[in-house]
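Reviewing the structure listed below.
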Amino acid sequence: MIEVGSNVFWRGTLALVIGSFMVFANVYVTQPLLPMIAKEFNISPLQATASFTITTLTLGISLLFYGPISDAFGRKGIMVMTMVGITLTTLCLSFVQSYESLLLLRGLQGFFLAGLPAMAVAYLGDEYTPEALMVAVGLYISGNTLGGIGGRLIGGFVGEWLGRASTFGVMSVISLICMTAFIILLPKSQGFEPKPLRVSHIVSNMLGHLKNRRLITCYFIGGFSFFIFINQYSYITFVLEEAPYHLSSKYIGMLFLTYLSGTLGSAISGRLAKRWPQPNIMVLGTCILMLGSLVTLGGSLWAIILGLLINSFGFFLCHSTASSFVSRNAKFAKASASSLYLVFYYLGASIGGYYLDPFWRADGWLGVVIGSWIVLVLVACAGVSLIRLNKSQSN
């Protein structure tokens, strides 16, 4: 097993951080391009947004596929295959001439993008010691935040400079570089034990995970935290477009630089888990997210930025800890357990906006914060119940 601080630990962890950056940069690169896509293909903003949401949709659905497949056939080979698929679809996107083709490729890309997130934590669970796992997961998820920031910045700045098609061309080159580094750096699997691939076993594993009180509580915490966190960003853009801020789309897009505090939160989560039980850290992260939401009510632009920085730190502290907790507490089929966590995670992102919309229409940003607190209080309560469950089962 790989120990914390060893050369192979840093090689493997760096490989997964680079892979994570590649995946999430490709997921989010289209967000700043949406107005350009709408204009180029003469479609509505709502239609243009589908070029982003179809990717997250197919990504979420595909997670259920990759977990069982990797439990049967291994992790590294399948992760590499999906990264090849990401690079090729990104390159093809630079040549599309119709919106239908773009939409089809983005949907296909979502299928490939699911591969690494579905298997990365399971790979760490196979190869790393429990202590090394906690540290590595935090660093790996920091790659998620860097990818989210990097993808939006690449899309915004390269898109404005070279246009939509060239942006995908640049992204395909970056993807190729990341994929090459990943293949070279990631150690071969040594601790993987294959399981038979049977549909009955897959269904049984999924049901088994859902019956595990520790796991289902953790799924709830991760899913509903993201449910609030990612959709707050959507509504704050409407606030900042209006008086007294009047920010342009370029500067609103730079709000995602506040994800950098989330990179820090993810990176230190493993170290904190050496001192305190992981459920305690999930509750701490949720409470920090609640605090940041309140700070945004200060009214000034600086208060909003500070609140978003606090939110990002708290959310990613909670999320990275929950991801590690799932891998450590899955009694079997670790990749399936991690995939199921991410299904809850992306499902939360997909439906959170619908929940917050009535609060937004009723009382603007104050309503969004109130709606957020209602859910986050329930998430914190779930975390407290996980603390008690953890204590009772460890005694």
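Read-outs throughout are calculated quantities, based only on the coordinates presented, and are distinct from any laboratory measurement. What you see is a predicted model; the values in this text were computed from it and never measured. In this analysis, Cβ positions are derived from the backbone assuming ideal geometry, glycine residues included, and neighbour counts consider all displayed protein chains.
Round to the nearest 0.05 the FRET efficiency obtained for Ile216 and Glu3 when R0 = 30 Å and r is the Cβ-Cβ distance.
Details: r = 31 Å, r/R0 = 1.05.
Result of the calculation: an efficiency of 0.45.
Quick one: Arg271, Arg214, fewest Cβ neighbours within 10 Å first, how do they rank?
Arg271, Arg214
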Run the numbers on the chain and let me know its relative contact order in percent, using alpha-carbon pairs under 8 Å that are six or more apart. 25 percent
Between the modelled labels at Glu100 and Gln393 (7 Å from Cα along Cα→Cβ) the distance in nm is 5.0 nm
Kirkwood hydrodynamic radius for the stretch 105-243: how many Å is it when counted over pairs of different Cα atoms? 18.8 Å
May I have the extent of the alpha carbons of the chain along their three principal axes, as whole Å values ordered from largest to smallest? 56, 45, 40
Below 8 Å between Cα atoms, with a sequence gap of 6+, how large is the relative contact order for the stretch 1-184 in percent? 43 percent
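For a quick check of your reading of the filter: which chymotrypsin sites (Phe, Trp or Tyr not before Pro) in the stretch 120-168 sit in a DSSP loop and have no more than 15 other Cβ atoms within 10 Å?
Values: sites: Tyr123, Tyr128, Tyr140, Phe157, Trp161, Phe168; in loops: none.
Sites meeting the loop and neighbour criteria: none at all.
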For the chain, what does -39500 (n - 2.57) per DSSP helix run (n ≥ 4), summed and divided by total residues, give at 222 nm, in deg cm²/dmol to the nearest 500? -29000 deg cm²/dmol
Within 10 Å of each residue's Cβ, count the other Cβ atoms and sort Met290, Met119, Met1 from fewest upward. Met1, Met290, Met119
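Between Val377 and Tyr245, what's the calculated FRET efficiency when r is the beta-carbon distance and R0 is 30 Å? Round to 0.05.
Values: r = 29 Å, r/R0 = 0.97.
The computed FRET efficiency comes out at 0.55.
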When the chain is treated as a Gaussian network with springs between alpha carbons less than 10 Å apart, the largest mean-square fluctuation among Gly19, Gly169, Gly292 is found at Gly169
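In terms of the ratio Rg/(2.2 N^0.38 Å) built on C-alpha atoms, what value belongs to the stretch 288-395?
Numbers: Rg = 16.3 Å, N = 108, 2.2 N^0.38 = 13.0 Å.
That ratio works out to 1.25.
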Using amide H atoms built 1.01 Å from N in the peptide plane, name the residues 5+ places from Ile2, or on other chains, whose amide H lies under 5 Å from its own. Tyr128, Thr129
Diffusion constant of the stretch 1-184 at 10 °C, which comes from Stokes-Einstein with the Kirkwood Cα-pair radius and 1.306 mPa s, µm²/s: 96 µm²/s
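When a footprinting reagent is the concern and you count Cβ atoms within 10 Å, what order do His246, His201 take, fewest first? The partial results should precede the final answer.
Details: His246 9, His201 18.
By the 10 Å Cβ count, ascending: His246, His201.
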Phi angles of the stretch 336-350, converted by Karplus (6.51 cos²θ - 1.76 cosθ + 1.60, θ = phi - 60°) into ³J(HN,Hα) in whole Hz with x for Gly and Pro, give 5, 5, 5, 5, 5, 4, 5, 4, 4, 4, 6, 5, x, 4, 6
